[in-house]
Amino acid sequence: MIEMPWKIIALQTIRGTTAKPGELAVAELVKIAPGFFAHDAAPRVYWITNTGTGWSLRGGHVHPDGGKREIIVALAGAIEFDLHAAMSCGKIVLDDPGHGLLIPNGVWHGVRISPGGILLSIASTLYASDESVTAKPCRCP
């Protein structure tokens, strides 16, 4: 079996109380993904909201070797991932804000965000318009 270069990680979730309802999810990057970000720093955090009444298609690109790495969390709703690496392909759904998806560079990723969904990305690089390539690195469907 081929090992996938991406993986789902558990985030620390602290459940609320009657006096303080809600949940607090914590992503201490140096603990959950040591060495994933250079110098254990993540210089960019972004989120996608207000995607409309239908599923929103985003991504559809790869960040070549040496490019951006990211952790994506579905803060609300669901996010469907279509993932393609040189030797493997897969589909993953995130619908729990207590989990994130580690996407290393070299993995093509397309996402669909459910109506009302919120995508949060913790990225290893600042934005650069030329950081993405749309060609898939494999021959998967």
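Here are some notes:
- Residue in the range 101-141 that is modelled with the lowest pLDDT, counting only those that are among the β-branched types (V, I, T) and crowded, with 17+ Cβ neighbours inside 10 Å: T125
- Some residue of the range 24-39 being closer than 27 Å to T13 by Cα, among the charged types (D, E, K, R) and at pLDDT below 80: yes
- Of residues in the range 42-60 being within 18 Å of E131 (Cα to Cα) and surrounded by 17 or more Cβ atoms within 10 Å (Cβ to Cβ), the one nearest to the chain's Cα centre (by Cα): G59
- Looking across the range 71-100 at every residue that is of a type in the set (D, E, K, R) and either crowded, with 22+ Cβ neighbours inside 10 Å or over 12 Å from K136 (Cα atoms) (or both), the one that is nearest to the chain's Cα centre (by Cα) is identified as E80.
- Of all residues in the range 98-141, those that are under 15 Å from G60 (Cβ atoms) and either in contact with a helix residue (DSSP H, G or I) (Cβ under 8 Å, 6 or more places away or on another chain) or of a type in the set (D, E, K, R) (or both) total 3.
The values are calculated or read from the model by the stated rules, or taken from the named source; none is laboratory data. Given the structure is predicted, the values throughout are model-derived calculations rather than measurements. Positions of Cβ are generated from backbone atoms using ideal geometry, with glycine treated the same way; all protein chains shown enter the neighbour counts.
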